[in-house]
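The values are calculated or read from the model by the stated rules, or taken from the named source; none is laboratory data. A quick note: this is a predicted structure, and the numbers were derived from the prediction, not measured. Don't worry about glycine lacking a Cβ; one is built from the backbone with ideal geometry, like all the others, and counts go over all protein chains shown. What goes into the accessible areas is simple: the full protein's heavy atoms, side chains included, and nothing from ligands, DNA or RNA. Shrake-Rupley method; radii C 1.70, N 1.55, O 1.52, S 1.80 Å.
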Amino acid sequence: PLSVQEGRSYFYPAMISAIIFDLDNTLLDFMNMKQQAITAAVDGMVEAGLEIESGEAYDKIMALYESGGWENQEIFNDFLKGATGEVDYKLLAAGIVAYRRARDAALTLYPGVQKTLITLAKMGLKLAIVSDAPRREAWLRICYLNLHHFFDLVLTFDDVGERKPSPKGFKMALSELGLSSDEVLMVGDWPERDMEGAHQIGIRTVFAKYGDTFGTVESGADWEVEDIFEIVSIVKSLNGA
């Protein structure tokens with residue numbers, strides 16, 4: 001907004017009214033969960049009779065996830081076809097059960113997430129998630145970690161139809177929240193998707209360095225944080241508190 005005094009105009013930046021978060025590797029430690037779940041799945045299949053070296057199986061499954069997407073529900077089918085030429089349903093079931101048990105046990109928030117969300121909510125900020133995860137999987141993780149009460153808006157790939165760095169999800173979030181781009185901060189772990197997508201429509205960004213899995217050197221973000229609670233100080237500074 002502009003303020004006019006004695007013929008002069010002064011620009012006062014808009015107050016930050018909302019925070020948009022990425023989900024995986026920003027609020028929850030997705031990669032740690034995935035690694036532990038895959039390890040358990042391999043052990044389960046080997047115990048059920050799969051004849052393969054565990055390290056080799058782990059590497060093959062990770063490669064399939066990297067090429068086919070981290071939410072691919074047919075990974076173990078594809079792995080078994082490649083490893084044995086067919087899908088043995090005893091092996092498949094053993095892997096899926098072990099995977100799910102380990103996944104649930106390993107699904108954890110980063111330190112300080114609950115405290116940060118509670119503090120931001122008490123400050124009167126709206127909280128949103130824009131994630132590339134499928135709707136069902138995103139909501140399962142959100143509810144499992146008891147985060148569903150915090151967020152005013154959750155947009156997944158199924159809601160948006162385009163993956164970041166497309167700005168579509170961020171545009172939808174602004175529209176749903178009834179805010180302009182300078183009233184919002186975006187927090188994410190993937191510079192080429194989260195930072196770039198938000199910057200395209202003028203949203204300032206915070207790089208979740210604690211969740212970085214790529215060894216990022218230059219994030220391109222407006223701020224970088226080693227601890228998620230640092231966001232509170234950034235918002236207070238911008239809002240003059």
Discussion item. Can you tell me the length gained on complete extension of the stretch residue 109 to residue 14, counting 0.36 nm per residue apart and subtracting the Cα distance?
Written reply: 31.1 nm
Discussion item. Cα atoms only: what Rg and Dmax, in Å, come out for segment 51-102?
Written reply: 10.4, 27
Worksheet entry | With 10 Å bins from 0: P(r) over the chain, alpha-carbon pairs, percent | 7, 29, 30, 18, 10, 3, 1, 1, 0
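Is the shape of segment 196-241 rounded, prolate or oblate, going by the alpha carbon gyration tensor and its root eigenvalues a ≥ b ≥ c, with a/c under 1.5 for rounded and a/b larger than b/c for prolate? Present the calculation step by step, with values, prior to reporting the outcome.
Numbers: a/c = 2.88, a/b = 1.27, b/c = 2.28.
In terms of gyration-tensor shape, oblate.
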Worksheet entry | Simple spin-label estimate for residue 200 and residue 236 in nanometres, 7 Å along Cα-Cβ | 3.5
Worksheet item: Using Cα atoms only, what is the angle between the long axis of helix 113-122 and the major principal axis of the chain, expressed in degrees (0 to 90) to the nearest 10?
Response: 30
Worksheet item: Using the Cβ atoms and a cut-off under 9 Å, what net charge is assigned to the surroundings of residue 156, where Lys and Arg are +1 and Asp and Glu are -1?
Response: -2
Worksheet item: In what sequence, highest mean first, do 199-209, 59-69 appear when ranked by Cβ atoms within 10 angstrom?
Response: 199-209, 59-69
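Checking the a/c ratio against 1.5 first, then a/b against b/c, what shape does the Cα gyration tensor give for segment 111-241? Present the calculation step by step, with values, prior to reporting the outcome.
Numbers: a/c = 1.19, a/b = 1.08, b/c = 1.11.
Rounded.
Express the accessible area of the chain per residue in Å², computed with a 1.4 Å probe while the remaining protein chains stay in the model. Mind showing how you got there, number by number?
Details: 11960 Å² over 241 residues.
Per-residue value: 50 Å².
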Discussion item. Take residue 52 and residue 148, extend 7 Å from each Cα along the Cα→Cβ direction, and tell me the distance between the two endpoints in nm.
Written reply: 3.5
Worksheet item: How high is the relative contact order of the chain, in percent, counting Cα pairs under 8 Å that sit 6 or more residues apart?
Response: 24
Fill in: Across 34/171; 60/81; 34/90; 115/171; 126/236; 122/171, pairs whose alpha-carbon gap is larger than 20 Å
34/171; 34/90; 115/171; 122/171
Item to complete: Can you send over the carbon and sulfur percentage of the accessible area for segment 119-167, probe radius 1.4 Å, protein chains only?
Response: 51
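On alpha-carbon atoms, Rg over Rh for segment 20-147 using Kirkwood Rh?
Working: Rg = 17.0 Å, Rh = 15.9 Å.
Dividing the radius of gyration by the Kirkwood radius yields 1.07.
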Worksheet entry | For segment 176-190, 3J(HN,Hα) per residue [Karplus equation, 6.51 cos²θ - 1.76 cosθ + 1.60, θ = phi - 60°, Hz, x = Gly/Pro] | 5, 7, x, 10, 9, 4, 7, 9, 10, 10, 10, 10, x, 10, 10
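Give me the number: length gained by fully extending residue 224 to residue 193, i.e. 0.36 nm times residue separation minus the C-alpha to C-alpha distance, one decimal in nm. Don't jump to the answer; show the numbers that get you there.
Values: separation 31, 0.36 × 31 = 11.16 nm, distance 1.55 nm.
Full extension from residue 224 to residue 193 adds 9.6 nm.
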